[in-house]
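Notes to accompany the following structure.
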Amino acid sequence: MSTTAAPTEARGALERMKPTALLGYGLGDFGCNLAFALSTSFLLFYYTDVAGLSAAAIGTMFFVVRIWDAFADLIAGRAVDRTMTRFGKFRPFILFGAVPLLFLSVLTFWVPQSMHVTADQPNAGPALLYAYLTYAVLGLGYSFVNIPYGSLASAMTQSVKERAKLVAARSFGSATAGVFLTYLITPRIKELQDKSTALQTKLKAAPGDTGIKAQIEQLQVDLQGVFTQTTLLFVLLGSIAFFLTFWFCRENVVRATPRVTIKETWETLRNNKPLAFLCAASFFYLIGLFAVPAASIYYARYILGDTGLTAPMSLVNAGIGLLVTPFIPAIINKVGKKNLFQYCGLLTVFGGVALFFSPAGAVALAMVMLAIKGVGASLINTTMFALEADTVEYGEWKSGKRSEGATYSIFSFTRKITQSLGGAAGAWLLGWAGYVGGAATQSESALTAIRASIGLVPAVMAIIAMIVFWKYPLNDARFREIRNEVEARKAKLETVVVGEGHVVTK
């Protein structure tokens with residue numbers, strides 16, 4: 001008994017993808033980033049300037065909880081590799097995990113008013129405990145949606161060109177979410193902060209005026225309302241986005257076995273050199289990348305002199321991906337993923353160093369440097385996901401077992417560790433430098449720390465990442481050879497499993 005190399009259902013793994021599949025996949029990262037980008041960009045600000053917690057305490061909390069998030073990714077990856085349903089391995093997690101994830105985001109940005117740290121309520125313990133618990137559960141929920149979502153790309157297609165389109169769609173969805181939420185929330189924060197600054201000036205002239213103090217306290221309540229209303233809106237928008245991802249995306253890649261044991265998973269990962277080099281290079285580059293979002297609102301207010309510039313900064317730094325993304329498949333086809341990753345780090349280095357040394361109030365110069373750095377970040381971050389999908393085939397080629405969930409969870413584990421270090425480093429820098437939450441002005445040391453978080457740290461990390469990635473062993477031509485050899489092996493099997501649980505035997 002033998003089988004043909006490419007059952008009808010399996011040939012879809014190399015065919016051109018439908019526009020709806022690309023749209024659906026892009027909407028998945030839009031939905032993920034309604035929770036993820038909001039926390040990376042505004043959670044530090046929320047904790048320091050709304051809940052009243054210290055930057056140093058939050059830095060430690062970020063470090064601890066994001067380490068937990070990294071291990072949650074491994075748990076989610078193992079759960080994915082053990083799963084096979086009539087809807088496939090990955091899509092059920094997206095369908096059923098979306099709404100809980102989005103509601104957890106609401107709870108994370110809703111520290112009860114009675115726990116907020118104030119002059120009358122100086123005990124930070126309850127608020128800090130609440131922050132630890134809600135953020136940790138949010139991370140677990142995110143893992144059980146994002147790991148299946150990230151793994152889905154390698155199951156939808158095995159074509160280099162089509163995977164490039166998928167990661168471009170993902171990047172476009174991510175950038176759109178980042179720009180959308182920033183423009184939605186920043187103007188409201190700016191309005192309230194401007195009022196607060198004016199009232200603080202009045203209070204200095206009349207320190208005993210209880211009416212002014214009451215107005216400042218009410219502004220804090222209003223600021224809390226901004227985050228509550230925004231996260232509730234995201235529950236609706238994110239649920240629609242995730243459902244369309246489930247509906248439009250299909251798993252087309254043939255697999256010899258529907259479920260993978262722990263031993264088989266270990267064998268798949270143990271000798272995967274491309275995955276090891278990708279994770280190592282990503283580790284350093286992403287530390288710098290994740291230090292930037294949380295620093296943006298501080299840079300806008302204290303270096304450029306206007307909190308309202310946070311939205312244009314987001315548009316330039318992250319939104320540049322909206323302009324670059326449509327060209328990424330063509331760029332990858334022209335220069336290859338390895339070269340693209342290797343050399344675009346130079347843009348991060350140049351833009352980051354220049355941004356660190358930009359004089360205060362130099363808005364135009366800062367925007368240009370953010371754009372240069374943003375182009376590099378967009379290209380590299382998008383290419384990472386395409387490279388990760390290729391390492392799935394390499395692992396299957398080496399071991400004979402296909403472990404999308406475990407492979408992506410290892411990659412995501414690395415990203416979560418760097419998110420922990422990058423986010424914590426920025427918060428620790430602020431705390432060490434003496435940042436005072438909500439103050440109208442900051443010390444020179446605090447201003448230097450803000451500059452370093454957004455410019456110098458990303459530049460240094462990018463240099464280290466380029467050095468590490470120099471030895472990455474898998475280019476696009478070699479990937480095609482490996483993929484074709486893997487598919488030839490499958491042609492000799494009696495039974496194969498196609499994407500969403502369909503068994504084909506001959």
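The values are calculated or read from the model by the stated rules, or taken from the named source; none is laboratory data. All values reported here derive from a predicted model rather than from experimental measurement. Methodologically, a virtual Cβ is constructed for each residue, glycine included, from the backbone with ideal geometry; neighbour enumeration extends over all protein chains shown. Side chains included, ligands, DNA and RNA excluded: accessible areas come from the protein's heavy atoms. Shrake-Rupley method; radii C 1.70, N 1.55, O 1.52, S 1.80 Å.
Some values worked out for this structure:
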item	result
Sequence ranges 326-339, 114-127, ranked by mean other-Cβ count within 10 angstrom, highest first	326-339, 114-127
Computed log₁₀ I(q)/I(0) - Debye formula, equal Cα scatterers, no solvent, region 96-217, q 0.13, 0.15, 0.22 Å⁻¹	-0.81, -0.95, -1.27
In sequence order, calculated HN-Hα J values of region 240-247 (Karplus, 6.51, -1.76, 1.60; Hz; x Gly/Pro)	5, 4, 5, 5, 5, 4, 4, 6
Percent carbon-and-sulfur accessible area, the chain, ignoring ligands, DNA and RNA, probe 1.4 Å	68 percent
Rounded, prolate or oblate (a/c below 1.5 giving rounded, otherwise prolate when a/b exceeds b/c) for region 1-155 by Cα gyration tensor	prolate
Burial order of peptide ranges 204-214, 292-302 (average beta-carbon count within 10 Å, highest first)	292-302, 204-214
Accessible area per residue, Å², the chain with all protein chains present, probe 1.4 Å	38 Å²
Debye-sum result for region 309-435 in log10 I(q)/I(0), which assumes one identical scatterer on each alpha carbon, at q = 0.12 Å⁻¹	-0.61
Largest-first principal axis extents, alpha carbons of the chain, Å	91, 42, 37
³J(HN,Hα), Karplus 6.51/-1.76/1.60, whole Hz, each residue of region 469-484, x for Gly, Pro	6, 4, 9, 4, x, 10, 9, 5, 5, 5, 4, 4, 4, 5, 4, 5
Two-site label geometry, residue 191 and residue 133: point separation in nm, points 7 Å out along Cα→Cβ	3.4 nm
Region 149-226 and region 278-308: distance between their alpha carbon centers, rounded to Å	14 Å
Simple label model, 7 Å out from Cα along Cβ direction - residue 330 to residue 247, nm	3.2 nm
